[in-house]
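The block underneath contains the structure these notes are about, expressed in C-alpha cells.
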Amino acid sequence: MSIVVFEPITNAGLTQDITLTRSIHLRALRIGIMKHDTLDGDVIVSLYDGVTLLKSVTVEAADINALGTYANGFLAFEFDTFLGVVRTAGSKEYQIKVVYDGTESDTNYIGWNRAHENNIVLAYGSNQSGGEPVSDTYSPFEIELYRWG
C-alpha cells in the first residue's frame, strides 16, 4: 500500500528551498502533484534567488484538467528559454514557489506531493533532526530539474 503525502497549493503558495552545488542551464522543472476534480485556475511556478524573481512559468487550468478527474504524478513547467543558474563558490540556495490562482476548495484542489527521498533538495527548514526530515509529512516537496545539454 502506498500513501501520498501532499500539501494543497493555495493562492498564498508553497515554497521549497533547493541547493545547487554546480552551475547549470535550467530548461524545465517538474513537480509532483495530486489533483482532484476540476480546477478553475492556473498553477504558477516561480524560481527565486532570494527576493529576485528569475523565471516564472504558468500551466493553464485547461491543460491540468485534461489529465482527468484524478491525477497523481509530475507536472512539467518548461521555460521559454534556458535559465543560467549560477553558483559562485560552494553551494547556492534558490527558492521554488508554486501558486494556484483559482478558487480554493475542499473538493476541487491540486497539491504538491512530498517525497521522503529527494536527493536534489538538501534544506528541510525547521522540521529537521540531524539533517533529515523528522517524518514523511515534513519531507521536501517532489522536484525534478532538467538542464540544457
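Please list, by residue number, every one of the GluC sites (Glu not before Pro) in the range 13-118 that is coil in DSSP and has at most 10 other beta-carbon atoms within 10 Å. Don't skip to the end; give the middle numbers.
Numbers: sites: GLU60, GLU78, GLU93, GLU104, GLU117; in loops: GLU60, GLU104, GLU117.
Loop-located and lightly packed - GLU117.
How would you order 65-71, 19-25, 4-10 from highest to lowest mean count of nearby Cβ atoms within 10 Å? It would help to have the intermediate numbers written out before the result.
Working: 65-71: 12.0, 19-25: 13.9, 4-10: 16.9.
Ranking the peptides 65-71, 19-25, 4-10 by packing returns 4-10, 19-25, 65-71.
Peptide packing for 26-36, 105-115 was compared via the average number of neighbouring C-beta atoms within 10 Å per residue; ordered from the highest value, the list is 26-36, 105-115.
With the charge dipole of the range 5-77 set up from +1 on Lys and Arg Cβ and -1 on Asp and Glu Cβ about the Cα centre, the Cα lying farthest toward the positive end among the listed residues LEU14, TYR48, LEU67 is that of TYR48. Here the dipole of the range 20-96 is about 520 debye; that uses its Cα centre as origin and unit charges on the Cβ of Lys and Arg (positive) and Asp and Glu (negative).
Its Cα gyration tensor gives the range 1-81 an equivalent ellipsoid. The semi-axes, each the square root of 5 times an eigenvalue, are 24, 16, 13 Å from largest down. Normalised radius of gyration (Cα atoms, divided by 2.2 N^0.38 Å) for the range 55-97: 1.63.
We did not get these values from a lab; they are worked out from the coordinates using the rules stated. Given the structure is predicted, the values throughout are model-derived calculations rather than measurements. Backbone-built Cβ (ideal geometry, glycine too); neighbour counts: all protein chains shown.
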